[in-house]
Structure formats: structure tokens, C-alpha cells
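Here's the structure we're looking at; comments come further down.
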Amino acid sequence: MTEKLRTIIVEDEELARNLMKSFLADNEAIELIAECENGFEGVKQINELKPDLVFLDIQMPKITGFELLELLEHRPNIIFATAYDQYALKAFDYNAADYLLKPYSKDRLDEAIQKVVERIQTEGKESDVAVKVSDFPKDEYLDRVVVKDRHKIHIAPVDAVRYIESMDDYVMIYTSEGRWMKQKTMKYFETALNPKNFVRIHRSYIVKVDEIEEIQQYEKESYIVILHDKTKLKVSKTGYKNLKNVLNF
């Protein structure tokens, strides 16, 4: 490659950032354009600066590396760097360019960069890691939802979610504190939320069970649910069966 890889480091530990910078200093393939000490800053810098490559820690305060990826509008190549080896398989399932297990050597870092160079030469600069993260089934149920709203990032505990509404390629998430739009599928949330607490009542709605105050029939084999705040939502035939299974009536 004649062009250098415009690169961002997202890492909360200063020592780890400094070590990586020292390893990258004489690598002719790299142009370091920013370093970020948390996921919030990482989302902002990646979307604004549009790097070719991001070195991304996974376990960070505020939001994780995986949650950061869900908020990106730009799609760079990703090399995960973390001290936790249990994420290795997940990183490759997400189609990350590589995975660095701390502590790693300069040679190992250079090897990872070479993989990115070769991938870009054959597949182009845009990566599908963020898409894979959004669509991949969760190993465990969500305990929070991270949403980007203009220049703000909101972290809503799942307990605060009242219901979710389908809006084409997006969903609207209604919480006790407001509503936010997120680029996710209903299928994703159907598998990612605990089925004991959330139920798919319609192709357009997933509802928190504790929010349901009443189920009403308004036509033959047609029902609606009424929530505690008197919101009314349609129930499909399949949704009614789901409600019966969850509520045992």
C-alpha cells in the first residue's frame, strides 16, 4: 500500500496506549490520527475522522468496545486488544481483522497490521464488523441498551425499557426516561432480551411484561394490550399465543 492506514487507538489504560504508540511509531503502514481513553470519545472521533483502522479495547468503563461498534456510522477495520481471552472467538465471529491478547509483542502487533493491509488490498477499506456485532446472537441476555442520539450517548438499563416498536431498519425504544431510535432489528431484540421479561406481541412490538395492565378483545380473535400509562398496542395471533405462554392464562 502506498497510503498509510489512518489509525485511532481506543484504550482506557494510559500505559497500554503508550506502549501501543511506541510499537506503532516506526511502522510505515500507520498514521496515528487520534487516541481515545473511553468509548464515548471513541465513537465521536471514529465517526468524525473516519479512520481506516481502529485498535479497540473491549472492557472499558462507560461503554464496552462491542457497544461502541453498535454506535458507529463509519465502518473501519477493527483490531481488538484486550487482556481477556474469552472474547477471542467472539472477535473472529464478528470478522475482526485480528485480536491481540495483552501483553503482546511488537512483532505480534506488526503481524496484525499486515493482516489489515492484506484485507484492504483484497476487500477494500470498509469493514462489516459493526454490522456483525449488531446481528450476532448474544451469549447472555442484555442488561442495558446503549443508544446514540445526535451528539449524546444514552445508557438505559433494560429494566427501564417499556416497549420497543419496529420502524423499518430501526427500532424506537420507549423507556421510563424518554424514547430513542436505534439501528437494530426486532429479531435482534427478540433474542437478546430475556423472554421471561419481554414478549413479542406483534411484528411491530416487543413489550415488557410488567408494563402490561390489561389485555382487551376488540374484534373476533383480535386483541390489544393496554399498558400502565394507557398506551394501547396491537396484538397479533402469534403475539396472543406468546402472551398466554408468558402469563400462563
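The values are calculated or read from the model by the stated rules, or taken from the named source; none is laboratory data. Keep in mind that what you see is a predicted model, and the values were worked out from it rather than measured. Counting neighbours? That spans all protein chains shown, and the Cβs are built from the backbone with ideal geometry, glycine included. What goes into the accessible areas is simple: the full protein's heavy atoms, side chains included, and nothing from ligands, DNA or RNA. Shrake-Rupley method; radii C 1.70, N 1.55, O 1.52, S 1.80 Å.
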### Task
Could you please state how large a percent of the accessible area of region 54-134 is carbon and sulfur, counting protein chains only and using a 1.4 Å probe?
48
### Query
If one takes the longest principal axis of the Cα atoms in the chain, at what angle in degrees, from 0 to 90 and to the nearest 10, does the Cα axis of helix 237-247 lie?
90
### Message
Under 10 Å, Cα contacts only: if you run a Gaussian network model on the chain, which one of ASP229, ASP12, ASP52 comes out with the highest mean-square fluctuation?
### Response
ASP229
### Query
Straight-line reach from LYS115: which aspartates and glutamates have Cα under 17 Å away, leaving out those fewer than 8 places along the same chain?
GLU3, GLU28, GLU31, ASP52, ASP93, ASP98, ASP107, GLU123, GLU126, ASP128
### Message
Just to confirm the filter: which chymotrypsin sites (Phe, Trp or Tyr not before Pro) across region 103-191 are DSSP coil and have at most 14 other Cβ within 10 angstrom of their Cβ?
### Response
TYR141
### Message
Only sites in a loop by DSSP and with at most 15 other Cβ atoms within 10 Å count here; which trypsin sites (Lys or Arg not before Pro) in region 38-147 make the cut?
### Response
LYS62, LYS138
### Message
I need to check one value: relative contact order of region 96-188, counting alpha carbon pairs closer than 8 Å and at least 6 residues apart, in percent.
### Response
17
## Note on the structure
Scalar couplings 3J(HN,Hα) for region 86-94 by Karplus 6.51 cos²θ - 1.76 cosθ + 1.60 (θ = phi - 60°), nearest whole Hz, x for Gly and Pro, are 5, 8, 4, 4, 4, 4, 6, 4, 7
## Note on the structure
Nearest-0.05 FRET efficiency for LEU101 and VAL131 at R0 = 25 Å, using Cβ-Cβ distance, is 0.55
### Task
Could you tally the net charge around VAL146, taking each other residue with its Cβ under 10 Å from the Cβ of VAL146, Lys/Arg +1 and Asp/Glu -1?
+2
### Query
Among LEU69, LEU56, LEU24, which one moves the most in a GNM of the chain with springs linking Cα atoms closer than 10 Å?
LEU24
### Task
Using Cα pairs closer than 8 Å and at least 6 residues apart in sequence, work out the relative contact order for the chain, in percent.
11
### Summary
Taking every alpha carbon pair in the chain and sorting the distances into 10 angstrom bins from 0 up to the bin holding the longest one, the percent per bin comes out as 7, 29, 28, 17, 12, 6, 1, 0
### Task
Can you pull the one-decimal nm distance between simple spin-label points at ASN18 and MET167, each 7 Å off the Cα toward Cβ?
4.6
### Message
What does the net charge come to around ASP98 if you take all other residues with beta carbon closer than 10 Å to its beta carbon, with K and R at +1 and D and E at -1?
### Response
+2
### Message
Tell me the angle of helix 39-49 to the major Cα principal axis of the chain, expressed in degrees between 0 and 90 and rounded to the nearest ten.
### Response
70
### Message
What number comes out for accessible area per residue over region 1-48 if the probe is 1.4 Å? Units Å², please.
### Response
54
